[in-house]
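This report refers to the structure that appears directly beneath it.
The values are calculated or read from the model by the stated rules, or taken from the named source; none is laboratory data. Worth saying up front: this structure is predicted, and the values here are computed from it rather than measured. We place every Cβ from the backbone using ideal geometry, glycine too, and count neighbours over all the protein chains shown.
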Amino acid sequence: MRGNGDDEAMMEGEYTQQELGDAYGPIYWITKQPWCTGNVAMIGISWDGFNALQVTALQQKALKAIITLCSEVDRYAEDINCKGGCFLNENMGWGSAIWAY
């Protein structure tokens, strides 16, 4: 996804249309390779799991299966960062730990 790792692009935010587009492109590319049957699967944990669920909602023809762990379909009520629309105190500890790294 653009804006992460060594990529110099700007990350727009969490679970954006840009992120979905960044997943769509590689799926299309994979299906055009001679070693691909035209069927693709995604696997993800946490953020990548949410991403797989959201990409599935686009109903891309080549995406035949997903495996997600530690992800929810109801981000309003069950997200790790937010319950019922309220940010959790856990975010402060998580953010501090990541900043320390």
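Per-structure values
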| read-out | value |
| --- | --- |
| Some residue of region 90-100 being outside the structural domain of residue 21 (by TED's automatic domain parsing), of a type in the set (S, T, N, Q), in a helix (DSSP H, G or I) and free of Cβ contacts under 8 Å to residues at least 24 places away in the same chain | yes |
| Test: residue in region 42-62 that is assigned to a strand (DSSP E or B) and over 13 Å from the mean Cα position of the chain (by Cα) | no |
| Candidate set from region 53-69 (those that are under 21 Å from residue 36 (Cα atoms) and either at pLDDT 90 or above or among the basic types (Lys, Arg) (or both)); member that is surrounded by the most Cβ atoms within 10 Å (Cβ to Cβ) | 63 |
| Residue in region 13-31 that is within 19 Å of residue 94 (Cα to Cα) and assigned to a strand (DSSP E or B) present | no |
